[in-house]
Amino acid sequence: MMCAAIDRLGEDVMASYSTNEFKGGLKIMLDGDPCSIIENEFVKPGKGQAFNRVKIRNLKTGRVLEKTFKSGESVEGADVHETEMQYLYTDGEFWHFMDPQSYEQVSADQAAVAESAKWMKEQDMCLVTLWNGAPIIVEPPKFVILNVSDTDPGLKGDTSGSGGKPATLETGAVVRVPLFVQIGEAIKVDTRSGEYVSRAKED
Amino acid sequence: MTATDEWQPSAAVETIRARAEMLARIRQFFNRIGVLEVETPICSRYATTDPALESFSVRYTGPGAARGRDLYLHTSPEFAMKRLLAAGSGPIYQICKVFRNGEYGSRHNPEFSLLEWYRPGLDYHQLMDEVAQLINGLSGHPHTLEKVSYAALLAQHLDLDPHSADTARLRQCAITRGIPGAERLALENRDGWLDLLMSHLIEPRLGQGGMTFVYDYPASQAALARIRKESTPVAERFELYMEGIEIANGFQELTSAEEQRRRFKDDSHRRRESHQTAVPMDQNLLAALAAGLPDCSGVALGLDRLLLVLTGVADIRRVVTFDLNRA
């Protein structure tokens, strides 16, 4: 666990980590951006200098990069944590979320929401990654149930589902659905692959 | 890994068998060529001063040391084996566990198995050939054999002269060749940069499908090797690489007690500068060298890594029965 100490000015001071503490999932600051360690490899010639070759994901850009550290070096930790939050609404510029426990609200920009926006329906719970309290990544639920707002209705009789057809969902996402799916129906979609799973069951 | 499967070995049973087979064949090999198997203490009152190595320490208390005495686990059996050589043992080998603090990863475990042997009368080039013979015998088929000097290797891969390039030139090379983060690395000296270049850009390409011996290292990386005084002095040292992995390190052994003492002192000085633990230099080795070490070559070969290559396993934790996290 990351522990934030309080300095004399009352500001949070992040812990720093030595290369010996490097492991998958550790959040560190690199060139001003919060990053998450994916892989850490210890490299050392028998009679020479030891290094840590690290594969890192920049949490702001999503890009994966490599970095070599001298073993024993320290790097600043990043105040990053993930939390489940309820998606409230978007005003077109920001997407607003609420912590269901504290009712605190945060707003995420386009960069943080990115592709997730097309799967998000108001009231859905999303996984929000906060850096210094502000959202940098928003992930939709793994499965969402969304209404079909538009699809070609003129293909009756074929229920095999082979091939399928595009359908536009209420959030604007377009997925391939079997031919029998009609406008107004609710379907279940896997947001990781963007694929149709089934018709939503009536509860 | 969860607590519930932690009791299980990290190596498969067939790998454990392959190790037993390898050890038996190594003993046959040395028996056949007349090299004597020896044992030396794992715990010593002295430690290696090499700044690249950190010794574990333990404490003995009891008869002979009522108030306790610090002992160091050996990082290789080199010092004690040289004392045997100086005492007239003739050619000797040892298979033992050695211990190096701070080293753990896919190719490192803080305790590992080393095969070390010494050949009075053979020079280091002859010893490279013997290493190749042993390994070809173990794998049952001949490997391609490549020998290249450290200087030729760096000229070939990086267009650098490792004996003359200064720190700025080496650093620039690391940056232009795209070692990520090289520009912000604070390395202490030329050798640090050479190690960076070797380990990141060259090593992974060495010994692919065969054996690559690299020899004649920069004098500053001599460790316990003799330095050949030429216009550019070089350390008569070699390393063996297979499948991009460092397997063995050998020397034309330094026999001068005076030079050895100077290197111990230089090492100790460097340890102090980089705030490493101070360790006592081995007075018994110095005394043995003063008494006379026969001209010899010696080599230390990492058996776990050799087993990786022989079995095609990717991670050292899969060839030891219980790695650090299960020990």
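General remarks:
- Restricting A:Leu26, A:Leu65 to residues that are among the aliphatic types (A, V, I, L, M), within 19 Å of A:Trp131 (Cβ to Cβ) and more than 9 Å from chain B (Cβ to nearest Cβ) narrows the list to A:Leu26.
- Scanning the range B:204-245 for residues that are without any contact (Cβ under 8 Å) to a residue 60 or more places away in the chain, in contact with a strand residue (DSSP E or B) (Cβ under 7 Å, 6 or more places away or on another chain) and charged (D, E, K, R) yields B:Arg226, B:Arg228, B:Glu239.
- Candidates in the range A:44-60 are the residues that are touching a helix residue (DSSP H, G or I) at 6+ places or on another chain (Cβ under 9 Å), open to solvent by 20 Å² or more (accessible area, probe 1.4 Å) and more than 15 Å from B:Tyr104 (Cβ to Cβ); of these, the one that is farthest from the other protein chains (Cβ to nearest Cβ) is A:Lys60.
- When we screen B:Ala66, B:Ala47 for residues that are in contact with a Ser or Thr (Cβ under 8 Å, 6 or more places away or on another chain) and either away from every other protein chain (no Cβ under 14 Å) or of a type in the set (Lys, Arg) (or both), the only hit is B:Ala47.
- Only residues that are within 11 Å of chain A (Cβ to nearest Cβ), open to solvent by less than 50 Å² (accessible area, probe 1.4 Å) and not in a loop (DSSP other than H, G, I, E, B) were counted across the range B:160-194, and they come to 6.
- Note on the range B:262-294: among residues that are more than 20 Å from the chain's Cα centre (by Cα), of a type outside the set (S, T, N, Q) and surrounded by 13 or more Cβ atoms within 10 Å (Cβ to Cβ), the one that is farthest from B:Val35 (Cα to Cα) is B:Pro280.
- Filter result for the condition that a residue is surrounded by fewer than 16 Cβ atoms within 10 Å (Cβ to Cβ) and at the interface with another protein chain (Cβ under 9 Å from one of its Cβ atoms), over A:Glu76, A:Glu84, A:Glu41: A:Glu41
- Only one entry of B:Ser89, B:Ser149 meets the criterion of being farther than 27 Å from B:Pro218 by Cβ, more than 14 Å from chain A (Cβ to nearest Cβ) and either of a type in the set (Ser, Thr, Tyr) or in contact with a Pro (Cβ under 6 Å, 6 or more places away or on another chain) (or both), and that entry is B:Ser89.
- The range B:102-129, residues that are within 11 Å of chain A (Cβ to nearest Cβ) and of a type in the set (A, V, I, L, M): B:Leu114
- Test result for A:Thr129, assigned to a strand (DSSP E or B), under 17 Å from the mean Cα position of the chain (by Cα) and touching a residue at least 60 places away in the same chain (Cβ under 8 Å): yes
- Any chance A:Lys121 is away from chain B (no Cβ under 14 Å), of a type in the set (Lys, Arg) and touching a helix residue (DSSP H, G or I) at 6+ places or on another chain (Cβ under 8 Å): no
- Filtering the range B:195-223 to residues that are open to solvent by 40 Å² or more (accessible area, probe 1.4 Å) and under 24 Å from B:Leu145 (Cβ atoms) leaves B:Pro204, B:Arg205, B:Gln208, B:Gly209, B:Tyr215.
- Residue check for B:Thr255: open to solvent by 20 Å² or more (accessible area, probe 1.4 Å) and either touching a residue at least 24 places away in the same chain (Cβ under 8 Å) or in contact with an Asp or Glu (Cβ under 8 Å, 6 or more places away or on another chain) (or both): yes
- Meets criteria (buried (at least 17 other Cβ atoms within 10 Å of the Cβ), more than 14 Å from every other protein chain (Cβ to nearest Cβ) and not small (Gly, Ala, Ser)) for B:Pro77: yes
- Residue within the range B:204-211 that is within 11 Å of chain A (Cβ to nearest Cβ) and at pLDDT 95 or above present: yes
- Subset of the range B:224-236 that is more than 18 Å from B:Thr48 (Cα to Cα) and part of a strand (DSSP E or B) - its residue that is most open to solvent (accessible area, probe 1.4 Å): B:Arg228
- One residue stands out in the range B:47-71 among those that are in contact with a helix residue (DSSP H, G or I) (Cβ under 7 Å, 6 or more places away or on another chain) and open to solvent by 20 Å² or more (accessible area, probe 1.4 Å): the one that is farthest from B:Lys82 (Cα to Cα), namely B:Pro51.
The values are calculated or read from the model by the stated rules, or taken from the named source; none is laboratory data. Please read all numbers here as calculations on a predicted model, not as lab measurements. Cβ atoms come from the backbone with ideal geometry, glycine included; neighbour counts cover every protein chain shown. Side chains are part of the model used for accessible areas, which takes the heavy atoms of the whole protein and leaves out ligands, DNA and RNA. Shrake-Rupley method; radii C 1.70, N 1.55, O 1.52, S 1.80 Å.
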